[in-house]
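Below is one structure; the comments refer to it alone.
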Amino acid sequence: MTTAVQLKTRELKPGFGAEILDVDLARAEPDTLAGVVDTFHRHGAILLRGQEMSPKQLVDFVALFGEPEDHTQKQFTLPGHPKVFVLSNREADGKPIGAHNDGVGWHTDYSYKAQPVMCTMLYAVEVPDEGSDTLLADGCAAWNALSPERQKELDGLRLHHSYQHFMATREFGRQELSDELKRDNPDVEHPLIRTHPADGRKALWPSTGTVTEVVGMENPKGLELVDELVEFMTSEPFVFRHKWQVGDILMWDNRCTLHTGTLYDDTKYFRTMHRLWAKGDAPY
Ligand code: SIN
């Protein structure tokens, strides 16, 4: 029987996230891996430094959290590894090997799907000496910081998310969608306040890019409300900034966080990351 081992950890930020110390994921025993999964579910995000993981080991690891999810833009998956998406500014044979600046702008992954991904994992293959930090915002802390009156006003509101809108308006990687991508990604609605299935804790859960309106509220009022809440949730008290080293694995729970990548000098540096997702449930 597998029993989750209690691991040595330190908080990424008071009350949010955990860095797991002294674990070599490629060689860890099942009890240790169960401890890693357990730590993730309790803390909303985990960091493990100094890992050496092949693409197959990354897929096996993310499968401990849930079924690995496919990627919408198939052209940037790693050859032979469809569950591993490449973020990179490198080219091979004159073509980009990955999506560049793909995650810049506060968002939660796959919010345009009826069942957005539960978690995102990034593995650092090569990183710039400066810039390209990843920022995570704690939606539970932001929700808990609101007054009971404000919580009452917001609870029950729903957001309309659209992949077509996102891809037509985004700053980086804007594109006209094929008929197939349009068909496979119809618009969806999700709650603005998300309940975590593990323990019922609530999180502010707005996003940018995919949101076109607050259901039942005229624009610009609706989008102004979304902007106001994103600004609040991503303000300093609720944000952890991760500075990358090669071999880092950072994972976060998309059900209670927002995240964003940041820019770097891509004339001077290369950045290559492997991104994997585990499937999630319909938000409620
Ligand atoms: C993402 O949003 O999936 C990637 C963020 C990053 O590249 O730092």
_Can you pull out every residue in segment 25-54 that is at negative phi, touching a Gly at 6+ places or on another chain (Cβ under 8 Å) and not in a strand (DSSP E or B)?_
43, 49, 51, 52
_Which of the numbered conditions does residue 179 fail, given that it passes all the others? Conditions: (1) among the charged types (D, E, K, R); (2) within 15 Å of the ligand (Cβ to nearest atom); (3) farther than 23 Å from residue 38 by Cβ._
(2)
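Identify all residues within segment 238-262 that are assigned to a loop (DSSP other than H, G, I, E, B) and either more than 10 Å from the ligand (Cβ to nearest atom) or closer than 24 Å to residue 61 by Cβ (or both); write none if there are none. Give the steps one after another, and end with the answer.
Looking only at segment 238-262, we keep the residues that are assigned to a loop (DSSP other than H, G, I, E, B), and these are 243-248, 254-256, 262.
The answer is 243, 244, 245, 246, 247, 248, 254, 255, 256.
Is it the case, given these coordinates, that residue 140 is under 20 Å from residue 11 (Cα atoms), more than 11 Å from the ligand (Cβ to nearest atom) and in contact with a Lys or Arg (Cβ under 6 Å, 6 or more places away or on another chain)?
Judged against the criteria, residue 140 is a match.
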*helices (runs of 4 or more DSSP H) fully within segment 134-226 counting 1 or more residues that are of a type in the set (Val, Ile, Thr) and touching a residue at least 40 places away in the same chain (Cβ under 8 Å)*: 163-169
*For residue 26, are the conditions met, namely being touching a helix residue (DSSP H, G or I) at 6+ places or on another chain (Cβ under 9 Å), touching a residue at least 24 places away in the same chain (Cβ under 8 Å) and under 19 Å from residue 274 (Cα atoms)?*
yes
*Applying the selection to segment 106-143, what residues are in contact with a Pro (Cβ under 8 Å, 6 or more places away or on another chain) and either closer than 22 Å to residue 62 by Cα or crowded, with 23+ Cβ neighbours inside 10 Å (or both)?*
108, 109, 110, 116
*Please specify each residue of segment 198-216 satisfying the condition of being among the aliphatic types (A, V, I, L, M) and buried (at least 16 other Cβ atoms within 10 Å of the Cβ).*
203, 204, 211, 214
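Identify all residues within segment 117-133 that are in a loop (DSSP other than H, G, I, E, B), more than 11 Å from the ligand (Cβ to nearest atom) and of a type outside the set (D, E, K, R); write none if there are none.
If the condition is that a residue be in a loop (DSSP other than H, G, I, E, B), more than 11 Å from the ligand (Cβ to nearest atom) and of a type outside the set (D, E, K, R), then 118, 128 are the ones that fit.
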_Scan of segment 78-116 for residues that are within 10 Å of the ligand (Cβ to nearest atom), among the hydrophobic types (A, V, I, L, M, F, W, C) and in a loop (DSSP other than H, G, I, E, B), ordered by number_ = 106
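Readers should treat all values here as calculations from the given coordinates under stated rules, not as data from a laboratory. Note that this is a predicted model, so its numbers are computed, not measured. No Cβ is skipped: glycine too gets one built from the backbone with ideal geometry, and neighbour counts run over all protein chains shown.
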